[in-house]
Amino acid sequence: MADKRVMRSPRNPFAIAQRQFDEAAAILGLDEATREILRWPMREFHFLIPVRMDDGSVRVFKGFRVQYNDARGPAKGGIRFHPEETIDTVRALAAWMTWKTAVMDLPLGGGKGGVVCNPKELSPTELERLSRGYIRQVARFIGANIDVPAPDVYTTPQIMAWMMDEYDIIKGHWEPGVITGKPVELGGSRGRIDATARGGIYTVREAAKVLEIDLRGQPAAIQGYGNAGSFAHKLAVEILGMKVVAVSDSRGGIYDPDGLDYYQLIEHKRRTGSVAGFPDTTPISNEDLLELPVTVLFPAALENIITEENAPRIKARIIAELANGPTTPDADVILHQRGVFVIPDFLCNAGGVTVSYFEQVQDAMNYYWKEEEVHQRLDEKMTKAFHDVYQMSQEARVHNRLAAYLVAVSRVVQAMKLRGWV
Ligand code: GLU
């Protein structure tokens, strides 16, 4: 089987995704055909996107879209614009989307897209042409009932708006459900913008209940200050009453034991492009931030930042994985042995796709909910999924990530069986 093509490096996200799946498949006793389908994408597209740059030259970007599995519904997942994007990263993220929609019990499958590019070096008009170029390449493979993209690392509601517009022009009709994470004015859902962080905060609240920890006034640290990380700061304070003592982004981090003010900090980041240099704080590296003595640690950036090397030094009681794939499998074992309660990525950060699903439902009705209704429905979904996973971890006596896999994989397998695939 083509699996041999997967680079066996311990840091290859797809090798990690397959290893995690294999562990769950062994416990569930899945047969060979079922494993073969689920450890590899069902379909993937590789293409080139020519973009006319502002200086008149043409640059050619490499793009991917992976439809990992659609047994439970249309493939669903974001598009990343990142200079280090690789097909194996997109495959891993598409696999995790499959488990994410299943653990949330959404009627969706899993997919992901990516473009190898550095959006920070593109002008707004170049970014628009790249976004439209991406859709021209995938328009024939996506659709509200086929595969539904959304934002991810370095992609925004504005980019979703350009993408939807390009798709509508190609198809010659209005079809907002083809893409989610759109601006509210263009068929987006209220509450989508902070949904990833909000969903994660609800799972932390539930974790604190089962661990019998009072989070009020307790310290938290956040690695990554994009959409998920910055809203996690706001909501950890507002919903959980926590004190966020450290945050970081790709340019550096800051620490203040008395707690950082969200509104002042977001204004500083807007002005300067980074959290670094925020007045009256101590600089801290991304690595040191992870090892601070906090109650909750939120990794909210990229993959593989908690490894077997630093896991023994992590002091947090709860790790709430807002990023996809921040913890390696070896680190998972160490954290579990040390009693750190990990809320695994595809549960913790599932708020984004859950409100994306709500967005699709509203688009289909062409009728839109109030923000409070979105929050309440999201809370219900997150709380239910958290307890499904927690209960499985207790029954099967496994760590939370493996428990989440057992819940999610069984649901996808059940759909494949009912369809007669296996
Ligand atoms: N990119 C987000 C994720 O990793 C959201 C995906 C979506 O809304 O489809 O879950």
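The values are calculated or read from the model by the stated rules, or taken from the named source; none is laboratory data. Computed from a prediction, not measured in an experiment: that's the story for all the values here. As a convention, Cβ positions derive from the backbone with ideal geometry for all residues, glycine included, and neighbour counts pool all protein chains shown. Side chains are part of the model used for accessible areas, which takes the heavy atoms of the whole protein and leaves out ligands, DNA and RNA. Shrake-Rupley method; radii C 1.70, N 1.55, O 1.52, S 1.80 Å.
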Q | Phi-based couplings in Hz for the stretch 399-405 (Karplus 6.51, -1.76, 1.60; Gly and Pro marked x) | A | 6, 4, 5, 5, 4, 4, 4
Q | Sparsely packed trypsin sites (Lys or Arg not before Pro) within the stretch 266-354, loop by DSSP, other Cβ within 10 Å at most 14 | A | Lys315, Arg338
**Q.** Compactness relative to 2.2 N^0.38 Å, alpha carbon Rg of the stretch 56-201
**A.** 0.99
**Q.** All Cα pairs of the stretch 267-402, percent lying beyond 23 Å
**A.** 48
Q. What is the Cα convex hull volume of the stretch 199-268 when expressed per residue in Å³?
A. 80
(Q) Ignoring everything except DSSP H segments at least 4 long, calculate the 222 nm mean residue ellipticity for the chain; use -39,500 (n - 2.57) per segment, divide by total residues, nearest 500. (A) -14500 deg cm²/dmol
(Q) Tell me the carbon and sulfur percent of the accessible area for the chain, rounded to whole percent, probe radius 1.4 Å. (A) 52
Q | Directionally averaged projected area (convex hull, Cα atoms, the stretch 234-273), nm² | A | 2.8
Q.
Relative to 2.2 N^0.38 Å, what does the C-alpha radius of gyration of the stretch 134-280 come to as a ratio? Two decimals please.
A. 1.27
Q) What span do the alpha-carbon atoms of the stretch 208-350 cover on each of the three principal axes, reported in whole Å from largest to smallest? A) 41, 29, 27
Q: Report, ordered by chain and residue number, the lysines lying within cross-link reach of Lys269, taken as a straight Cα distance under 21 Å and ignoring same-chain residues fewer than 8 apart.
A: Lys120, Lys234, Lys243
Q. Using r as the Cβ-Cβ distance of Asn304 and Phe47, and R0 as 35 Å, what FRET efficiency do you calculate, to the nearest 0.05?
A. 0.85
Q: Specify, per residue and in Å³, the volume enclosed by the convex hull of the alpha carbon atoms belonging to the stretch 244-318.
A: 91
Q) If you line up the Cα atoms of the stretch 1-138 on their principal axes, what length do they span on each, largest first, in Å? A) 58, 33, 22
(Q) Give the aspartates and glutamates reachable from Lys381 as a straight Cα distance under 16 Å; neighbours fewer than 8 places away on the same chain don't count. (A) Asp105, Asp194, Glu206, Asp345, Glu359, Glu371, Glu372, Glu373
Q | Kirkwood Rh (inverse of mean 1/r, distinct Cα pairs), the chain, angstrom | A | 21.6
Q: Sticking to Cα atoms, compute the Rg of the stretch 116-190 to one decimal and its Dmax as the biggest Cα-Cα distance, whole number, in Å.
A: 11.8, 34
Q: Above 18 angstrom, tally the Cα pairs of the stretch 43-95 and express them as a % of all pairs, no decimals.
A: 41
Q. Taking springs between alpha-carbon atoms closer than 10 angstrom, which of Tyr263, Tyr368, Tyr202 fluctuates most in the Gaussian network model of the chain?
A. Tyr263
Q: Compute, for Ile193, the solvent-accessible surface of its heavy atoms (probe 1.4 Å) with the complete set of protein chains present, and express it in square angstrom to the nearest 10.
A: 90
Q: State the dimensionless ratio Rg/Rh of the stretch 330-422 (Rg: radius of gyration of Cα atoms; Rh: Kirkwood radius).
A: 1.07
Q: Just reorder His46, His375 by solvent-accessible area, largest first, 1.4 Å probe, all chains present.
A: His46, His375
